Each structure stands twice: as structure tokens, then as C-alpha cells.
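The values are calculated or read from the model by the stated rules, or taken from the named source; none is laboratory data. Because the structure is predicted, anything quoted here is derived from the model rather than measured. Here Cβ is always computed from backbone atoms with ideal geometry, including for glycine, and neighbour counts include all displayed protein chains.
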Amino acid sequence: MSTARFKRVLLKISGEALMGEGEYGIELDTVNRIAQDVKDAVALGVEVCLVIGGGNIFRGVSGAAVGMDRASADHMGMLATVINSLAMQNALEQLGVDTRVQSAIPMASVCEPYIRRKAIRHIEKGRVVIFAAGTGNPFFTTDTAAALRASEMGCDVLLKGTKVDGVYTADPIKVPSATKYERLTYLEVLSNDLGVMDASAISLARENNIPVVVFSIKRPGAFVELMQGRGEYTIVMEKEVQNG
């Protein structure tokens, strides 16, 4: 019998989270630690799917800023997310967690193409599904891809793992006096430009009534604590459905 607060969740991790203490690329110890957290959540009976960014390898917006064509730069960023997804799949499978990578950009010799019904079937069978290559389209972030896949998979919640344990009035690393929000509405995030996720992602989550939980992926065990209804976080949801 499941002891988890949620049945099906989507975990969004930034590519930078995979760098650990490095400045570029993938730190395997960090990937393995996050994979262990995912395994522990699965052991609680939670159905887990993942979206991982690519900023540790290449960020499309940054490429466009230095003169690259934005569409080409975004496609390079999507390919970076596939590299990260394969690294996470390897870490999970070494822990004995059955995992599938589905890419929005078909690359049949590397992973499955994204097929919604097939992804749902994998999840129902207890497999972790990692959605790679964003939405498959330029000009959309992996945050928007996460909100889209969470909606398509019928997830109970979208969890965003970041460097800090919630949403603050300012960057708490730069402004020590910044205070943390416990709860926010989607409109508060949008109107105050809080930077939780991009506006398209927040709007999509709002339209589909999917709560967004922001927490620190850097702290071991934080993901599992959230699955048990504990831990430090900020939750974004409509006011009328909030409860104590």
C-alpha cells in the first residue's frame, strides 16, 4: 500500500543541477544521488516521470544572444537534454529502476519517440519515463515542456527542483534578507514576475489545474520528503483549492 501523498508526479530538473559543484557538464555523483531519490520515491508507490534541462551543456537562449539563429540554438539545446536524459536513465537502471527515455525529436537508435499513450502505459507499469528534447519545437523552454508533459500524463503535481528550497522575494544567495513564500497563486507568480518558471509554463499549469511545487533538489532526500507530505517548499496553485 502506498504511503505517498501523490500518485503520479512530474519532476523537472534543470541541467545545471547535474553539474554538482562543477562549472560545466555532468557530475556522475550528483546524477546518481538524484537517481537514488527517484528510486526511493518509486518505492513509495509514486509514478514518476522526468524532464531535465540542458543548460549544463548548451542553452539555446545564450547561443542566440551571441548571434546564433534562435531556432538552431534551441535545437542544440534540445539535443543537450537528450544527453542528460540518457545519463539519468543509466543511473536509474544501475539502481534497478526500469526506465524509458522518450524524445520529442525522433532518434530511434538512441531512445523511443514521444508517444503519449505509450508513455502512459510505461508509467502504469511502474517505469520511470524521462521526456527529452523539450517540446520538440524551438522558442519553448524545458519548463514549458514539463508543464505540457505533466498535463498530458495527468500528473497530480509538477515539482521543480532548484538550487534553493522554494520561491523567495529575491535571490537568497545574493540577498540574505530575502524571505520565502509558502504559497503563491499562478497569477501572483505572473504579475510579480517571480521567475518560478516561464510564463507559458505557469499559464499551462494554471489552465490544467496542476500545482507547481518548488524545492531544493540539491538536498538529498528532499524529493522523497515531498512525496510523504513533508519538507521545505513553495507551492503555486489557485487560491480556491488551497487547504491547510
Name the residues in region 83-107 that are surrounded by 16 or more Cβ atoms within 10 Å (Cβ to Cβ) and among the small types (Gly, Ala, Ser), would you? Ser85, Ala87, Ala91, Ser103, Ala104
May I ask you to list pairs of residues, at least six apart or on different chains, whose Cβ atoms are under 8 Å apart, with the first in region 118-129 being on the phi > 0 side of the Ramachandran plot and the second being assigned to a strand (DSSP E or B) and crowded, with 17+ Cβ neighbours inside 10 Å? Gly126/Glu47
Candidates Val129, Val110, Val157 - the one that is farther than 17 Å from Val213 by Cα, in contact with a strand residue (DSSP E or B) (Cβ under 9 Å, 6 or more places away or on another chain) and surrounded by 19 or more Cβ atoms within 10 Å (Cβ to Cβ): Val129
Give region 189-218 a look and list any residue that's out of contact with any helix residue (DSSP H, G or I) (no Cβ under 9 Å at 6 or more places or on another chain) and not polar (S, T, N, Q), or say none. Val214
So which residues in region 1-57 are within 15 Å of Pro220 (Cβ to Cβ) and either in a strand (DSSP E or B) or hydroxyl-bearing (Ser, Thr, Tyr) (or both), if there are any at all? Leu11, Ile13, Thr30
Taking the residues in region 58-70 that are part of a helix (DSSP H, G or I) and touching a helix residue (DSSP H, G or I) at 6+ places or on another chain (Cβ under 6 Å) as candidates, determine which candidate is surrounded by the fewest Cβ atoms within 10 Å (Cβ to Cβ). Arg70
I'd like to check something: does region 212-222 contain any residue that is assigned to a helix (DSSP H, G or I) and touching a Gly at 6+ places or on another chain (Cβ under 8 Å)? yes
Picking from Ala201, Ala178, which residue would you name as being modelled with pLDDT under 95 and either in contact with a strand residue (DSSP E or B) (Cβ under 8 Å, 6 or more places away or on another chain) or closer than 20 Å to Leu50 by Cβ (or both)? Ala178
Considering residues that are in a strand (DSSP E or B), touching a Ser or Thr at 6+ places or on another chain (Cβ under 9 Å) and touching a residue at least 40 places away in the same chain (Cβ under 8 Å), the number found within region 159-193 is 8
With the condition kept exactly as written, say whether any residue in region 81-96 is part of a loop (DSSP other than H, G, I, E, B), over 24 Å from Asp198 (Cβ atoms) and either at pLDDT 95 or above or hydrophobic (A, V, I, L, M, F, W, C) (or both). yes
Among the candidates Ala80, Ala73, single out the residue that is farther than 24 Å from Gly154 by Cα, surrounded by 20 or more Cβ atoms within 10 Å (Cβ to Cβ) and more than 18 Å from the chain's Cα centre (by Cα). Ala73
Quickly run through region 1-30 and pick out the residues that are of a type in the set (Val, Ile, Thr), within 24 Å of Ala104 (Cα to Cα) and surrounded by fewer than 22 Cβ atoms within 10 Å (Cβ to Cβ). Ile26
So Asp171 fits all but one of (1) surrounded by fewer than 20 Cβ atoms within 10 Å (Cβ to Cβ); (2) at pLDDT 95 or above; (3) not hydrophobic (A, V, I, L, M, F, W, C); what number is the exception? (2)
Which one of these does Asn137 not meet: (1) surrounded by fewer than 19 Cβ atoms within 10 Å (Cβ to Cβ); (2) among the polar types (S, T, N, Q); (3) part of a helix (DSSP H, G or I)? (3)
